[in-house]
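Input: a single structure, listed below in structure tokens.
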Amino acid sequence: MAVPQSQATAEKLAEAEIASQPVDKSAYVLGTGDQLSVRVFGADDISDRPIEVGSDGTISLPMVGRVPASGVSVRNLEADLTARYRTYFKDPQIFITVTDYRSQAVTVVGAVNTPGVVQLRGPTRLMRVISQSGGLKAEAGDKVLITRRLPSTDGATVPPSPGLTEPNASFYLKEINLLKIIDGTDPSANLIVQAGDLIAVSRAKMVYVIGDVGRPGGYVLDGHSSTFTVLQAIALAGGVKGSAAYGSTRILRPMTGTGTPRAETQIDLKKIMANKSPDIPLHADDILFVPNSLVKAVSVRAIETAVSVGTGILIWK
């Protein structure tokens with residue numbers, strides 16, 4: 001499958017994001033389920049075996065007992081333990097390593113290659129999370145919707161993060177335009193995600209051009225107008241071949257209702273190309289089928305199946 005230019009640009013941007021923003025491990029805020037290795041330099045009797053932050057938000061260590069860890073950064077926990085162990089050692093040196101990240105999860109769904117849960121390892125921006133989810137699929141759209149639960153403290157509402165709207169009392173939503181991140185017009189849109197966020201990458205709105213054309217496939221509407229015409233679609237598809245049955249060209253348009261068959265409209269492509277008939281606008285999910293004059297009639301169901309299965313279908317942006 002060919003990689004669209006905009007997808008390749010997004011992947012490069014994500015790689016640059018990873019390279020330019022190394023994780024500050026000492027700033028990572030610990031949570032329930034995280035596993036740590038705590039080493040006290042000079043105290044060989046204190047093992048650096050993995051320790052899990054318990055459901056009560058604490059860790060248990062020799063000599064100092066239970067220590068609050070959930071909601072505390074690695075850096076601050078090291079400082080706390082240094083003070084506690086100073087009772088037993090003259091100059092304790094504490095080193096904490098997070099061996100398994102389990103508490104700062106975000107969920108990524110939609111048009112990414114590996115949807116699922118991503119564990120944050122510190123302040124992480126949107127494109128980095130998308131990259132960790134395998135990057136964008138070819139059919140990914142331009143929009144990402146971030147859903148974030150509204151936190152509260154003692155019943156008092158906490159002000160929302162910048163740029164998020166409030167759809168109800170429990171959640172904030174933010175719609176991100178990926179094109180603005182990719183072309184650099186709005187770098188601030190590449191915001192820092194938070195644990196618990198749901199990141200939904202939209203599927204692009206597409207028109208499918210199949211049959212006797214130069215480049216059959218799905219053509220993305222996102223980033224363009226909401227429609228384009230038959231002639232524009234044919235141009236994007238590399239034109240028609242000499243063996244095409246111009247007069248039998250069909251537009252298959254979805255109709256409302258589950259299980260409803262597509263509306264089928266036959267057009268005379270030759271007249272449209274000769275400017276003898278008006279050009280016809282196409283809409284999202286339309287199929288423009290240009291049959292071969294040497295092939296027997298193809299059913300609407302066969303055309304729909306070819307598109308839904310994706311046989312020979314490339315996605316173009």
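General remarks:
- Too-long pairs where the Cα-Cα distance tops 27 Å, listed order kept, from K174/K205; K180/K270; K137/K241; K137/K180; K137/K174; K25/K137: K180/K270; K137/K241; K25/K137
- Each 10 Å bin from zero up to the one holding the largest Cα-Cα distance in segment 29-100 carries the following percent of pairs: 21, 61, 18, 0.
- Sequence-distant residues sharing a close amide H with S277 (under 5 Å, placed H): I272
- K143 long-range amide H proximity, modeled H, under 5 Å: L178, S202
- Site pair A274 and A105 shows an inter-label distance of 6.4 nm when each label is modelled 7 Å from Cα along Cα→Cβ.
- Chymotrypsin sites (Phe, Trp or Tyr not before Pro) within segment 169-209: DSSP coil, no more than 12 neighbouring Cβ in 10 Å: none
None of the figures in this text is laboratory data; all of them are computed from the coordinates on show. These numbers come from a predicted model, not from an experiment. Note: ideal-geometry Cβ built from the backbone for every residue, glycine included; neighbour counts use all protein chains shown.
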